[in-house]
Amino acid sequence: MALLRSLSLDEKQSSFQVEDEEPQLTHNPTDNKRAVQGAGEAGEEKGGEPGDKDLSSLSARQAVGGGEQGGPVHPPPVEEDEGVFFPDQIVKLIQQHIMGGGESPGGALLHLLSMSSVCKQWRGLASELPAGSAIAFDCFDNLFSNQPAIQKFRRYAKKETVFWGAAKLLTGYTDVTFSGDAVSDRVLQEAALQAGPHLARCRVSGSSAVTDTGLSALVAQFKALESLEVEDLGKHVTGKTLAHLFERCAALNSLHLSNLPGMNWAPCVAYASSGAGKDLGLTKLHVRGVNLGENFGIVLSRLPNLHELELDGPARNLKSASVCCPKLQRVSYQVSSRPILEEALDALTDMKELRQLELVVKNFMLCADQLRTIGMLPLFELRLDSFIHKQQPTLSRSSYSHVDNEGVKALVDSICHRWCAIVSDVRPLKLSLCGGTALTHDAVSALLRLPILTELDIGGCCRIIAMDKMRLVAKVRAGREMLDLAAAHPCAAAGSPGSCCEARATCIMHLCSVQNWGPVLSNQAGQAAPVLLVLDSFGGYVSQEAVRGSGGEGN
């Protein structure tokens with residue numbers, strides 16, 4: 001900045017030519033008077049007129065400190081033109097580099113505040129962010145950065161004042177995150193006034209100073225909101241603004257509510273049961289740790305377009321979702337006891353479009369019968385994770401496990417039986433068993449019997465040895481190679497049967513793209529192909545020579 005300023009001053013000096021030397025004034029009045037007299041005599045030697053001499057002497061005397069009235073007269077300040085050092089385009093380029101240079105939204109906020117403190121021109125340009133920008137009012141509580149600006153801000157005591165000033169200054173952003181105890185109601189109110197109508201995504205988390213007042217101010221300004229996340233707030237947040245949110249934000253498609261101990265669903269249930277307004281357009285809903293009751297199904301009845309649902313609480317809400325939300329494709333349910341799981345499985349069986357299921361098991365072990373029921377669901381992604389593992393991944397006691405070897409065997413047997421009975425349900429499988437600390441070699445042998453396994457997560461399964469892990473890696477790799485091979489085969493792409501048994505086997509491997517399984521699983525004579533051959537070819541236990549010799553071209 002100093003270099004650019006000096007260059008600008010050099011350009012100024014080169015553009016103006018001073019013919020006469022001005023008297024050099026000092027802090028000593030006697031020396032200044034002598035300098036003024038010398039300047040007058042120099043003017044006479046150059047042939048100046050008496051009038052010019054008197055005017056120059058008068059102005060010099062006034063500058064030294066003797067005006068006509070005897071008072072001190074100061075020289076007029078030199079006014080610099082705004083933008084003389086940096087054009088507006090260069091300042092905006094600096095702003096774009098801050099916003100799009102790989103900086104985190106929280107770090108970008110601090111740099112924008114530093115940029116705004118340079119001068120009035122920079123403050124005006126830096127405060128107007130481009131459309132689609134993301135900003136975070138982040139206290140960096142869980143971030144250890146080497147940047148001096150972030151380290152200094154973490155030690156600063158008055159973070160809330162900084163956020164309040166930033167909320168009043170910045171405009172134009174559409175994605176905002178408020179995180180940490182420095183976020184207060186007045187920060188939310190100022191941000192709502194400056195950028196609320198243009199916000200598309202908003203997240204408020206981890207603050208004990210936020211109440212319903214701040215959230216109400218945000219909701220009152222929302223017009224184009226598409227996604228809202230509210231989590232880890234204090235008991236002062238009761239959720240009374242949810243009904244107002246549903247009324248104002250017609251474009252809202254994602255709502256995330258988590259860990260709100262003071263949540264009260266009575267106003268929202270009353271709004272849903274009154275039948276006021278249209279059905280909500282939500283497609284994603286996450287509600288956990290928000291005091292869900294059995295009457296939450298009334299709210300779900302106003303969500304006919306829901307595709308993804310994550311919840312806990314009574315299983316009766318899942319039953320309501322299976323009836324009122326026919327488009328559900330993904331469900332994540334945190335279950336805390338076997339009787340609740342039994343009721344939940346009955347509801348999950350009625351969801352015809354369900355393809356992804358996550359069960360977070362808390363403080364009990366899944367039995368073999370429950371896993372057989374889960375295996376019969378037409379899923380292509382199944383996650384059976386332990387709640388304890390999500391909270392503390394390093395725990396290794398087998399008593400913390402939510403599944404054992406016998407349960408994994410029952411699950412695999414059920415999946416293979418479903419695929420044999422209903423060939424149209426055969427599809428690549430993604431499986432997760434995180435937190436299964438009791439699983440050993442027997443569980444690995446069962447998993448290797450799965451026809452096509454394209455993804456497997458066994459985090460926390462500490463009793464599976466390295467050799468068994470290598471076998472599972474080879475199994476997953478083989479499943480992915482089968483999909484790549486099938487995708488490149490012309491018969492699989494066309495969805496028609498091949499002319500030989502090898503071509504038919506390759507087409508069957510491509511389970512994702514082929515929809516009409518009747519022609520694919522039949523030979524040229526119209527007879528059904530052996531299902532056992534299909535399963536063997538998926539698992540990789542039968543070579544191409546064995547496939548050719550098993551039935552020939554006509555079988």
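Numbers at a glance
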read-out: Long-range neighbours under 7 Å by Cβ, at least six apart or interchain, first residue of a type in the set (A, V, I, L, M) within the range 256-283, second part of a helix (DSSP H, G or I); value: V269/N295; V269/I298; V269/V299; A272/I298; A272/V299; L280/F246
read-out: Residues within the range 253-277 that are open to solvent by 10 Å² or more (accessible area, probe 1.4 Å) and not in a helix (DSSP H, G or I), tallied; value: 13
read-out: Matching residues, the range 307-324, being surrounded by fewer than 23 Cβ atoms within 10 Å (Cβ to Cβ) and under 27 Å from the mean Cα position of the chain (by Cα); value: H307, E308, E310, L311, D312, G313
read-out: Of the criteria (1) assigned to a strand (DSSP E or B); (2) open to solvent by less than 70 Å² (accessible area, probe 1.4 Å); (3) within 24 Å of L311 (Cα to Cα); (4) in contact with an Asp or Glu (Cβ under 8 Å, 6 or more places away or on another chain), which one R203 fails; value: (2)
read-out: Those residues of the range 359-391 which are more than 14 Å from V403 (Cα to Cα) and acidic (D, E), in sequence order; value: E381
read-out: Close pairs from the range 302-317: first in contact (Cβ under 8 Å) with a residue 12 or more places away in the chain, partner small (G, A, S), Cβ under 7 Å, at least 6 apart; value: R302/A272; N305/G281; L309/A321; E310/S332; A315/A344; A315/A347; R316/G297; N317/G297
read-out: When residues of the range 291-304 are limited to those that are open to solvent by less than 20 Å² (accessible area, probe 1.4 Å) and either touching a Ser or Thr at 6+ places or on another chain (Cβ under 7 Å) or not in a loop (DSSP other than H, G, I, E, B) (or both), the one nearest to D232 (Cα to Cα); value: F296
read-out: Residue in the range 131-148 that is in contact with a Leu (Cβ under 6 Å, 6 or more places away or on another chain), modelled with pLDDT under 85 and part of a helix (DSSP H, G or I) present; value: no
read-out: Leading residue by the ranking (farthest from D484 (Cα to Cα)) among those in the range 429-473 that are out of contact with any strand residue (DSSP E or B) (no Cβ under 9 Å at 6 or more places or on another chain) and charged (D, E, K, R); value: R463
read-out: Selection status of I452, within 16 Å of S398 (Cα to Cα), within 34 Å of the chain's Cα centre (by Cα) and either loosely packed, with under 15 Cβ neighbours inside 10 Å or not acidic (D, E) (or both); value: no
read-out: Yes/no for A192 being of a type outside the set (F, W, Y), outside any loop (DSSP other than H, G, I, E, B) and touching a residue at least 24 places away in the same chain (Cβ under 8 Å); value: yes
read-out: Cross-chain or 6+ apart pairs with Cβ under 6 Å, the range 363-389 first and of a type in the set (A, V, I, L, M), then open to solvent by less than 40 Å² (accessible area, probe 1.4 Å) and part of a strand (DSSP E or B); value: L379/L357; L382/L357; L382/L431; L384/L359
read-out: Output for the range 444-486, where each listed residue is part of a loop (DSSP other than H, G, I, E, B) and more than 23 Å from W419 (Cβ to Cβ); value: G459, G460, C461, C462, R463, I464, I465
read-out: Residue within the range 376-383 that is at pLDDT 95 or above and either in contact with a Pro (Cβ under 8 Å, 6 or more places away or on another chain) or among the β-branched types (V, I, T) (or both) present; value: no
read-out: S208, sole failed condition from (1) open to solvent by 40 Å² or more (accessible area, probe 1.4 Å); (2) outside any loop (DSSP other than H, G, I, E, B); (3) among the small types (G, A, S); value: (2)
read-out: Any helices (runs of 4 or more DSSP H) falling wholly within the range 342-440 and containing at least 3 residues that are farther than 22 Å from R288 by Cβ and open to solvent by less than 60 Å² (accessible area, probe 1.4 Å); value: 368-375, 405-421
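The values are calculated or read from the model by the stated rules, or taken from the named source; none is laboratory data. Remember, predicted model here, so these are calculated numbers, not experimental data. Note that each Cβ is placed from the backbone with ideal geometry, even for glycine, and that neighbours are counted across all protein chains shown. The area values use the complete protein model at the heavy-atom level, side chains included, leaving out ligands, DNA and RNA. Shrake-Rupley method; radii C 1.70, N 1.55, O 1.52, S 1.80 Å.
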